[in-house]
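Bear in mind these aren't lab numbers, they're just calculated from the coordinates by the rules spelled out. What you are looking at is a predicted structure, and each value in this text was computed from that prediction instead of being measured. Please note: Cβ atoms are built from the backbone with ideal geometry, for glycine as well, and neighbour counts cover all protein chains shown.
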Amino acid sequence: MESLLQKHFGFTSFKNGQRQVIDTLIKGESAAAIFPTGAGKSLCYQLPAMVLPGLTLVVSPLLSLMKDQVDFLLSRNIPAARLDSTLDREEYNRIMARAKNGELKILMISVERFKNERFRYFLSGMAISLLVIDEAHCISEWGHNFRPDYLKLPAYQRQFRVGQTLVLTATATPKVIDDMCEKLDIPRSNVTLTGFYRSNLFLQVTPLTQTDKANHLARRINQEPLAPTIVYVILQKTAQQVAGLLKKQGIHAAHYHAGMPPLEREEVQNRFFQGDLTCVVATIAFGMGIDKRDIRRVIHYDLPKSIENYSQEIGRAGRDGNDAFCEVLANRDAIHVLENFVYGDTPEQGSIDAVLQRIKSNQDGNWEISVLTLANELNIRVLPLKTLLVYLEIQGIIAPKFTYYKEYSFKFLRSPEEIIHTFQEERQAFVRAVFEHCQTKKVWTMVDMDGILRSYSTDRKRVVTALEYFDEKGWLQLKSRKSVELYEIKSKAFDTDALSQRLHHLFKTKEEHEIQRIESMIRFFESDACLSARLARYFGQALDQPSCGHCSFCTSGRARIKHSTPLEPLSSVDFSTITRDFMTAGPDQASVSNLAKFLCGIHTPVLTRLKVKSSPGFGALERYRFQEVKEWLQDHLTGQG
């Protein structure tokens with residue numbers, strides 16, 4: 001292994017834990033690597049991929065990580081590629097051809113790629129030695145970044161006959177580790193956990209009033225104005241405001257958030273990497289999978305969302321092993337803003353009931369849905385809707401069959417007759433039937449799938465495979481759109497009211513768990529013991545010593561986090577003024593729940609549909625407790641009634 005490490009990567013020794021994970025994989029077993037951010041998780045699959053006979057398929061939620069990893073591997077002459085939405089047709093086809101021919105050792109994809117039926121057809125003919133799941137805590141409902149699509153990975157593993165799995169994460173509590181291992185059939189003895197303690201990070205909690213934060217931040221940065229710094233905030237508008245304030249103080253800062261155009265985000269990121277930009281003020285959209293090793297400061301202008309988020313975000317500092325400073329500017333003013341992110345993911349029981357009613361009323365046993373369309377119709381955010389569908393799978397009510405594209409279209413690059421006469425006999429008749437049931441509009445030709453299947457004895461898979469083949473050969477350029485998920489309805493023997501109550505209770509339980517996670521974070525920052533030791537213990541590591549000597553508790557004692565800006569009583573808020581835009585745009589949608597989410601700044605499909613998110617009332621009460629806002633609204637609406 002050492003000689004292969006030297007040959008392929010130029011390293012002379014393994015980092016802590018890497019050899020243990022690699023040896024487990026080489027023996028033909030599945031494994032889990034729970035390493036801190038920047039501790040070398042990627043090598044745990046990169047080296048075995050060069051030894052294992054088939055393809056190593058890496059699932060990652062991070063586009064930037066995929067790009068960085070592939071660039072690094074190519075620089076080491078390791079045959080690797082990624083599939084993502086930025087690729088044009090020629091590049092996509094070239095990568096698929098190389099994988100088919102055995103020329104690739106590593107292929108990186110997002111979990112959403114499995115929804116593409118063309119890609120699944122491709123995988124069914126591939127020999128995959130290892131499935132790697134990065135950010136694997138996403139598979140656990142008890143993790144801090146649960147993604148329902150990750151729950152389907154065990155089924156994909158079986159479908160494509162992948163014998164081994166490697167899960168990678170930097171932020172998994174003991175409960176989450178157990179959950180990952182159970183879902184993916186990884187022996188607990190094959191988990192390598194190297195610990196979360198970082199001796200080069202100074203952890204500082206600084207209680208501050210909201211009005212003092214900006215000046216304190218500017219003073220802190222100006223202590224070492226050239227030190228690369230990330231400042232984390234909760235809201236996009238805060239990122240812009242704080243970056244603007246810092247620039248006025250002469251600090252070379254820029255903002256970064258998911259609402260910016262991709263090219264602008266990329267420009268900020270590149271300038272920061274190259275050292276042209278000292279400070280980035282960002283939401284958590286920034287930094288995932290980014291390996292800038294000389295970040296000297298990570299400052300949380302707002303409280304992070306959880307201890308897991310905090311650990312992940314400070315883990316981006318000091319990856320070069322040199323000292324780095326991690327500070328939280330703490331008060332309780334934005335606690336309810338954090339909570340509002342949680343409340344937005346709990347669907348109304350009436351929306352759950354509507355989903356169940358659609359299943360009950362289905363007549364043919366197959367249920368086709370567009371997740372985005374259904375989410376908009378029922379006012380459920382996409383993530384909780386996906387979670388609801390997974391719950392229904394677990395209940396045995398529905399079973400996923402496959403995902404396909406409702407519409408296929410293509411542009412001829414060779415004439416139809418030329419393509420048809422490339423084939424003989426039955427194949428020629430089949431291709432002719434396909435083209436005869438297509439309608440050309442100027443440049444693009446629409447495929448009438450139903451017409452083809454009615455007129456010719458074939459199946460959908462053969463049609464898609466043929467179009468895919470023509471695309472690969474360069475005879476036409478194929479496009480697909482309108483993803484549709486097809487479920488089989490397994491059972492209608494349920495009481496709609498009782499089941500909707502039970503499912504709603506599951507969401508409420510998860511909501512309570514997430515709110516408790518925020519409370520746990522506050523208790524951590526107000527800890528009456530060493531912060532480094534408490535953080536390590538949260539992730540299952542016991543330090544040899546009770547005190548680290550490089551955190552604010554060890555140097556100056558316990559922090560007290562308080563509310564710094566008093567809130568006006570809700571009784572002083574003018575109900576008519578603050579709700580006017582919503583009432584004008586959608587009076588029939590003015591339920592207590594919808595109005596509360598509007599006023600608390602909680603994004604939901606109905607607010608997008610009504611186009612009221614730019615209204616002054618949106619988020620006007622974001623610092624108030626969600627339940628208090630609901631009670632206030634209930635009083636007003638009842639009084640009006």
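Subtracting the Cα-Cα distance from 0.36 nm times the residue separation, let me have the gained length for Gln363 to Leu506 in nm, one decimal.
Difference between extended and current length: 48.7 nm.
Between rounded, prolate and oblate, where does the range 458-542 land on the alpha carbon gyration tensor, with a ≥ b ≥ c its root eigenvalues, rounded for a/c under 1.5, else prolate if a/b exceeds b/c? Taking the square roots of the gyration eigenvalues as a ≥ b ≥ c, the range 458-542 is oblate. Of all DSSP bridge pairs formed entirely within the range 191-328, close to 0 percent run antiparallel. Rounded to the nearest Hz, the phi-derived 3J(HN,Hα) couplings of the range 616-627 under the Karplus curve 6.51 cos²θ - 1.76 cosθ + 1.60 (θ = phi - 60°) are x, x, 5, x, 5, 10, 5, 8, 9, 4, 4, 5, where x marks glycine and proline.
Each label point was placed 7 Å from the Cα along the Cα-to-Cβ direction; for Leu193 and Gln249 their separation is 3.9 nm. Report note on the peptides 294-307, 349-362: ranked by the mean count of other C-beta atoms within 10 Å, highest first, their order is 294-307, 349-362. Which of the residue pairs Lys100/Lys292; Lys105/Lys406; Lys441/Lys613; Lys510/Lys630 have a Cα-Cα distance greater than 30 Å in the structure shown? Check vs 30 Å cut-off fails for Lys100/Lys292; Lys105/Lys406; Lys441/Lys613.
The ranking of Thr422, Thr229 from fewest to most other beta carbons within 10 Å of each one's beta carbon is Thr422, Thr229. Note on Leu74 and Gln6: the extension gain reaches 22.9 nm, defined as 0.36 nm multiplied by sequence separation minus the Cα-Cα distance.
Counting beta carbons within 10 Å around each of Cys138, Cys554 and listing the fewest first gives the order Cys554, Cys138. Based on C-alpha pairs under 8 angstrom that are at least 6 apart in sequence, the range 194-319 has a relative contact order of 30 percent.
Identify all aspartates and glutamates with a Cα-Cα distance to Lys183 below 18 Å; exclude those on the same chain that are fewer than 8 residues away in sequence. Output for Lys183: Glu29, Asp134, Glu135, Glu141, Asp149, Glu393.
Per-residue Karplus couplings for the range 221-238, computed as 6.51 cos²θ - 1.76 cosθ + 1.60 with θ equal to phi - 60°, are listed in order as 5, 6, 4, 9, x, 9, 6, x, 9, 10, 10, 9, 10, 8, 9, 4, 5, 5 Hz, Gly and Pro entered as x. Report summary: the helix-based calculation at 222 nm, which adds -39500 (n - 2.57) for every DSSP H run with n ≥ 4 and divides by the residues of the chain, gives -13000 deg cm²/dmol. Under the rule a/c < 1.5 gives rounded, and otherwise a/b versus b/c splits prolate from oblate, where does the range 263-360 land using the Cα gyration tensor? Prolate shape, in that a/c is at least 1.5 and a/b is the bigger ratio.
Determine the shape class of the range 403-488: with a ≥ b ≥ c the square roots of the Cα gyration tensor eigenvalues, call it rounded for a/c under 1.5, and otherwise prolate if a/b is greater than b/c, oblate otherwise. In terms of gyration-tensor shape, oblate.
Taking each of Lys442/Lys473; Lys411/Lys473; Lys360/Lys490 in turn, the alpha-carbon distance tops 20 angstrom for Lys442/Lys473. Between Trp444 and Thr496, the modelled labels are 3.7 nm apart [label points 7 Å from Cα along Cα→Cβ].
Taking the number of Cβ atoms within 10 Å of each Cβ as an exposure proxy, the fewest-first ranking of Ser564, Ser571 is Ser571, Ser564.
With R₀ set to 41 Å, the beta-carbon distance separating Ala258 from Arg454 gives a calculated FRET efficiency near 0.40.
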